[in-house]
């Protein structure tokens, strides 16, 4: 008879890291933070089409879970350790799973238990905005928009309006946000009263990857403002406008402006806007003709004639350095 292999389950569960096992199976995953990894569930028990990204690993505790209905119903459990994972993947008892782990990973001198295998370093997390698979229905024009000087025609052009339905955006004026290809990636929800937060953005949406209204702007020139309503006002005045959704300026947003030859900065005249202008101007001036509008009010508080006056008489465009 062959020599019987002794297995120390406790040592094995701590020694072999879940990340190393996922690599063995060729499972692609991404770090959510310092504690968690996330992936599409690779288990054969997973049949839920709606549960992409449902598989999570706690790297500190070296355990996993899948929150999908199919895995919970079939496997009769929400998660487990490396032994449970291999057992499910291989369709074998836990003892056989342990033996496979001993075969797959290096062993120490006593021939029984593997040494701790370091957690593989995952690829750097690259944020991405997913395209929404739905559109909000029942959006209507609201007195709040009229009070802000947004006409019904302009609101309809941008898809902006009051959402009376259910969910996190209920009772707010919603603004559809599209990526540079025109795909809907989020809705921003503006409170119509004094409730907080003033603006709601969905979890998992990265505003630094998008410029509001960028998909609709063609040609050589563009005006850059901070917010949604400022963008609407600039466009209503007849100028191509895009919005930062704040006063910070990411590298991704800078890349979205590469095709423009002429850029006008029309940020708010408060401390945050002035600081944003001072930071953005030298970055854009390297590759574009840039000018700064001399405005004393935020674009969303300006009338159309005021916008036209400010943008018509901005200072000459400095040549790129």
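Quick notes
- Candidates 150, 177: the one that is crowded, with 20+ Cβ neighbours inside 10 Å, touching a residue at least 24 places away in the same chain (Cβ under 8 Å) and assigned to a loop (DSSP other than H, G, I, E, B) is 150.
- Check on residue 129, in contact with a strand residue (DSSP E or B) (Cβ under 8 Å, 6 or more places away or on another chain) and modelled with pLDDT under 95: yes
- Residues of the stretch 1-54 classified as modelled with pLDDT of 80 or more and at positive phi, total: 1
- The single condition from (1) touching a residue at least 60 places away in the same chain (Cβ under 8 Å); (2) assigned by TED's automatic domain parsing to the domain that holds residue 302 that residue 128 fails is (2).
- Test: residue in the stretch 292-304 that is touching a residue at least 60 places away in the same chain (Cβ under 8 Å) and under 23 Å from the mean Cα position of the chain (by Cα): no
- Restricting the first member to the stretch 88-104 and to residues that are within 16 Å of residue 45 (Cα to Cα), and the second to residues that are not in a helix (DSSP H, G or I), the beta-carbon pairs closer than 6 Å and six or more apart or on different chains are 88/43.
- Taking the stretch 187-240 as the range and being on the phi > 0 side of the Ramachandran plot and crowded, with 17+ Cβ neighbours inside 10 Å as the test, only 213 passes.
- Hits in the stretch 63-91 - residues which are assigned to a loop (DSSP other than H, G, I, E, B) and modelled with pLDDT of 90 or more: 81
The values are calculated or read from the model by the stated rules, or taken from the named source; none is laboratory data. Note that the coordinates shown come from a computational prediction; the quantities given were computed from them, not determined experimentally. Methodologically, a virtual Cβ is constructed for each residue, glycine included, from the backbone with ideal geometry; neighbour enumeration extends over all protein chains shown.
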